[in-house]
Amino acid sequence: MAEREPMSPARRRQLIVGIVVGLLVGLGVSVWTGFWLWLATGAAVGLAAGAIMKPPGEDDAPPRR
C-alpha cells in the first residue's frame, strides 16, 4: 500500500480559509434569502474549493522524497 505524506501547513491553511470564506458567503446568502441551509452549502463549497486548489508557492518547492 502506498505511503501517504502528511498534509503541509500551507494546504491545511488553505482548507481552513476555504471553509471560513464559504461560511461567510453562506451566512450572507442565508440572511439575504431567509433560507438557512445556504450556510451548510457555503461550508461545503468552501471545503471543496480549498481541497481542489493548490496552495500558492507549491510549484516552487523542491520535490518531497
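The values are calculated or read from the model by the stated rules, or taken from the named source; none is laboratory data. The shown structure was predicted, so the numbers you read here are calculated from the model rather than taken from an experiment. Ideal geometry is used to build each Cβ from the backbone, glycine not excepted, and the neighbour counts take in all protein chains shown. Only protein heavy atoms, including side chains, enter the accessible area calculation; ligands, DNA and RNA are left aside. Shrake-Rupley method; radii C 1.70, N 1.55, O 1.52, S 1.80 Å.
Filter the range 7-29 down to the residues that are more than 10 Å from the chain's Cα centre (by Cα) and at pLDDT 90 or above and list them by number.
Selection gives LEU23, LEU24, VAL25, GLY26, LEU27, GLY28, VAL29.
Just checking, does the range 37-53 include any residue being modelled with pLDDT under 90 and either in a loop (DSSP other than H, G, I, E, B) or surrounded by 13 or more Cβ atoms within 10 Å (Cβ to Cβ) (or both)?
yes
Quick one: count up the residues across the range 1-36 that are aromatic (Phe, Trp, Tyr) and not in a loop (DSSP other than H, G, I, E, B).
Count: 1.
Taking interchain pairs and intrachain pairs at least six residues apart, which have beta carbon atoms under 6 angstrom, with the first residue in the range 9-30 and farther than 16 Å from ALA48 by Cβ and the second open to solvent by less than 50 Å² (accessible area, probe 1.4 Å)?
ALA10/PRO55
Against the conditions (1) open to solvent by 100 Å² or more (accessible area, probe 1.4 Å); (2) modelled with pLDDT under 85, where does TRP32 fall short? Just the number, please.
Of the numbered conditions (1) open to solvent by 100 Å² or more (accessible area, probe 1.4 Å); (2) modelled with pLDDT under 85, the odd one out for TRP32 is (2).
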